[in-house]
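All remarks here apply to the structure that follows.
The values are calculated or read from the model by the stated rules, or taken from the named source; none is laboratory data. None of the values given here were measured: they were computed from a predicted structure. Don't worry about glycine lacking a Cβ; one is built from the backbone with ideal geometry, like all the others, and counts go over all protein chains shown. Keep in mind that these areas ignore ligands, DNA and RNA; they rest on the heavy atoms of the full protein, side chains included. Shrake-Rupley method; radii C 1.70, N 1.55, O 1.52, S 1.80 Å.
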Amino acid sequence: MSDGRNYRPETLAVHAGYDPATASNSAKPPIYMTSTFAYASAQAAKDIHEAYFEGTGPAVGGPGHIYSRLGHPGLDMVEARLAALDGAEAAAVFNTGMATHTAIALTYLRPGDSIVHSRPVYGGTDGLYHLLMPQMGVQPFAFTDGCDEANIRAAVDDARAAGPLKLIVIETPANPTAALVDIALVVRIAAELTPRPLVVIDNTLLGPIFQRPIALGVDLCMTSLTKYCGGHSDLLAGGVTGSKALIAPLLLLRTTLGSQLDPFTSWLLLRSMETVGLRSERAMTNAWAIAEYLRDHPKVSSVTYLGFTAPGSTQRAVYDRQCTAAGSTFAFRVHGGEAAAFRFLDKLRLLRFAVSLGGSETLITHPATTTHYSVPQASRDSVGIDGSTLRLSVGIEHVDDLIGDIAQALDAA
Ligand SMILES: *Cc1c(COP(=O)(O)O)cnc(C)c1O
């Protein structure tokens, strides 16, 4: 969208990245189902390869593609739309969120380096930094209170004592604890250091509508597009946005890894992104009502919802600075431990019991025996996950139907 106006994310989500003039004036983007692209001439082939390897690549929808593993028009469109949504210069889109995290680690870390991350992080990310990276000579360090400067600085100091600190990876809000990392504080700490580590955020939990980290100074904003952007639990994808200079090496590595998003899924994602604003708003309104219903229910012992962050607390001040809404994924506990939680789950008729989040349908999980099964109990306890903990990802159904289903299942718990 290069007409110079400052469109809002909801508008960019519908329009950015596609110009009908590039595709026979079709009002909506076509799918380019091709693995390779014909050169117009020998000189054109040489020019295209030069543009690719010099990093000046094709304009969106323009000529200049070589082979779909290197890039294709569907990927250009999705990347332009994601960059616009995040307010960033450039984007790289991959076939999963984990492929995106892995490309960031392999591009920006070398043997001997160290990294710092917030805790908890998504299980796959934890595995990348604690299982794979140490085998390549990279040492991980973590902090647990992301709003406490001394806590963050202690992890940074430990990391720098072990080797050059190259990345600070934060996930905020954390899943499923809703703990926050103060983004501006981490950016400020990173800016004081030499060499200056890149600040990478995993923005999956709130998504591009409710949290815009590039404006807060992070270098790379990663999102699992499988969740709110895909939004219908029918595709896997991941993306990262930032400056052209930081995104270009990720695109080159993607060619080597072969982890680009295919043409059909790129089209599906482009279509889904049009409604990410509507879906995020509706899911959040539903989640708020359900969280309030659960908080007042006698069989529920606690509700951990970002929207309930105590006024006057440090966490609240951070929330007000960096999030524009509380999102729609949260945890709660029932009285009676695992047995009561299982009775409740088995009585649900409308809510689906499945991992993942951010879909149009409401999903519920029992983290201790599913997503966090392999996490040692002490570690689960430290982030507040026990046998009675359930995690909800609220969808866009009618809220009364959702509450009705929860009510009848709680009666049995
Ligand atoms: C799901 C998820 C990922 C991984 O994304 P995939 O698309 O499943 O690979 C990373 N981070 C967070 C916070 C997630 O929820």
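Things worth noting here:
- Contacts under 9 angstrom Cβ, first residue in segment 161-188 being farther than 15 Å from Val116 by Cα, partner more than 12 Å from the ligand (Cβ to nearest atom) and aromatic (Phe, Trp, Tyr), 6 or more apart: Pro173/Tyr319; Pro176/Phe330; Ala178/Tyr305; Ala178/Phe308; Ala178/Phe330; Leu180/Tyr319
- Among the numbered conditions (1) crowded, with 24+ Cβ neighbours inside 10 Å; (2) among the charged types (D, E, K, R); (3) away from the ligand (no atom under 13 Å from the Cβ), the only one that Glu192 does not meet is (1).
- Of the residues examined, Ile290 is not one that is away from the ligand (no atom under 16 Å from the Cβ), within 17 Å of Gly97 (Cα to Cα), hydrophobic (A, V, I, L, M, F, W, C) and touching a residue at least 60 places away in the same chain (Cβ under 8 Å).
- Single match in Ser224, Ser243 (criterion: open to solvent by 20 Å² or more (accessible area, probe 1.4 Å), hydroxyl-bearing (Ser, Thr, Tyr) and either in contact (Cβ under 8 Å) with a residue 12 or more places away in the chain or in contact with a His (Cβ under 7 Å, 6 or more places away or on another chain) (or both)): Ser243
- Helices (runs of 4 or more DSSP H) within segment 26-123 that include 1 or more residues within 16 Å of the ligand (Cβ to nearest atom) and surrounded by fewer than 19 Cβ atoms within 10 Å (Cβ to Cβ): 97-108
- Selection within segment 248-273 - open to solvent by 50 Å² or more (accessible area, probe 1.4 Å) and either among the polar types (S, T, N, Q) or at pLDDT 95 or above (or both): Thr256, Leu257, Asp262, Phe264, Trp267, Arg271
- Leu180 being at pLDDT 95 or above, within 16 Å of the ligand (Cβ to nearest atom) and not in a loop (DSSP other than H, G, I, E, B): no
- With a requirement of 2 or more residues that are surrounded by fewer than 18 Cβ atoms within 10 Å (Cβ to Cβ) and not small (Gly, Ala, Ser), none of the strands (runs of 3 or more DSSP E) lying completely within segment 311-395 satisfies it.
- Of all residues making up segment 141-167, the number that are farther than 13 Å from Gln315 by Cα and either within 16 Å of the ligand (Cβ to nearest atom) or in the same structural domain as Thr329 (by TED's automatic domain parsing) (or both): 2
- Test set (1) over 19 Å from Ala325 (Cα atoms); (2) open to solvent by 20 Å² or more (accessible area, probe 1.4 Å) - Thr285 fails condition number: (1)
- Thr223 vs. criteria within 15 Å of the ligand (Cβ to nearest atom) and over 25 Å from Glu397 (Cα atoms): no
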